[in-house]
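Structure, as structure tokens:
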Amino acid sequence: MRSSTLVAGCLLVLLTAVSASAQSPASAGSSPAEVTTPPAATPPATPETRTTFPYTGKVTADLVNIRCGPGLYYYPLATLKQDTPVVVEGEKNGWLAIRPPEEVYGLMRKSDLDIGQEGVQGTVTAPTARVYISSPSADRQWCVAAVLKQDDRVTVSGPAEGDFVKVLLPPKGRAYIVSDYVTAAAAGTSTTTTGTTLPDVDITPLESNPLIADYKKAEADLRAELRKDLDERDYEPIAKAFKEVAETAEKDYVKNAAQRQLAYVEQLIQEQAEYRRVLSLPQRLDENLAEIKSRWAEKQADFAAEKRMGGPDFVATGCVRRLASLEGVDYPIKFKLVDQNDKPLVLLKSSQYNLGDYIGKIVGVRGSKGYISEWRIYCVTVDDLEVLEE
């Protein structure tokens, strides 16, 4: 009798699971699906269909954004409808890299190209040239899809605003979509209409602003020099690096940060020259050394404050949410920054911004960051805020 009861129970569980899996998935609504909670009944592609790239899939949500990088802070390029076919090249942290649709194009500076008389073919004349990814609906164009070398060729597809021209994206150009909204096509489906496949590529997007890497290297070199004895420090290469970033940066926050650091290094160079002059005057050595050390300590404090501000980078990026009350206690910190899964990243407070005006918006924040040990989370005092996505 016990065995029959056990078998009946197992059959009941199996029938319940089959019934649940047969239910149709909920509609994704009229807004792009990536900004809502994924429908629980829409299963992702099975692991077997995702072990080999590229493969053909189709969109499962009513509407879903594709973006220029694997994250909500990357700007949208287009909106795809349900059942739109996509070719998936790889997967990274819950985002699929897909071949961009036809309306997505690249942007390059005319000054980096030698365009033929027909206006169709272009040859890169600069040592390196960036290809930014954009589309008719994109309101920004800072994301770098590829970096070309001198003598590389591109196909020019038309004019653009300012010093830019539209070009066909290089083969490594990718768009990104949340993996929950794509399902793999049936086995045997061709990955392209022509039957060809592209070789495996690294789907990680390029640094949105390559000059930030130069800025960070110059900062690291400066910290290394400051650990040396004052008379042994070589500031000239560092000053040159910060000057190049300040002169070529397109973003104001990168340019301003590099200019501040350049001014700081130039002051250090002057102090080092003064230090060496004082060493040649033994009778004034103690007095001048004390003055130099005092000024150096002040500059070190300024440098530490600049470091706490995060330089040109955001301290954190995410969506602003209101912090739940602590059992009726009016705690001074009322807001938090969360990721796309609504997981808290940092707490937020600011005397310069009304953070309540940014609830539900994806923002980048800069400011000082402190650790709240009783909550085991960092809190950022926001000095600068930039809206990345409404």
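Read-outs throughout are calculated quantities, based only on the coordinates presented, and are distinct from any laboratory measurement. The structure displayed is predicted, hence computed values, not measured ones. Virtual Cβ from ideal backbone geometry, glycine too; neighbours counted across all protein chains shown.
Quick look at the numbers
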| read-out | value |
| --- | --- |
| FRET efficiency, 1/(1 + (r/R0)^6) with R0 22 Å, evaluated for LEU345 and SER368 via beta carbons | 0.90 |
| Extension gain, LYS240 back to ALA220 (0.36 nm per residue minus Cα-Cα distance, nm) | 5.8 nm |
| Cα→Cβ-extended label distance, 7 Å offset, between LYS293 and LYS92, nm | 4.9 |
| Length released on extending from ARG109 to GLN267, taking residue separation times 0.36 nm less the Cα-Cα span | 53.3 nm |
| Student exercise, segment 105-172 dipole from Lys, Arg, Asp, Glu Cβ charges, in Debye to nearest 20 | 220 |
| Segment 316-389: C-alpha gyration tensor shape, a/c 1.5 cut-off, then a/b vs b/c | rounded |
| Segment 218-256: trypsin sites (Lys or Arg not before Pro) falling in loop per DSSP and having at most 16 other Cβ within 10 Å | ARG227, LYS228, LYS251 |
| Stretchable slack from ARG321 to LYS81, in nm (0.36 nm times residue separation minus alpha-carbon distance) | 83.5 nm |
| FRET efficiency estimate (nearest 0.05) - Cβ-Cβ, THR52 to GLN150, R0 41 angstrom | 0.70 |
| Charge dipole of segment 105-172 about the Cα centre (unit charges at C-beta), most positive-ward option of VAL144, PHE164, GLY106 | VAL144 |
| Charge-dipole axis of segment 219-263 as Lys and Arg at +1 and Asp and Glu at -1 on Cβ define it, positive-most pick from LEU262, PRO237, ALA249 | ALA249 |
| Trypsin sites (Lys or Arg not before Pro) within segment 75-134: DSSP coil, no more than 13 neighbouring Cβ in 10 Å | none |
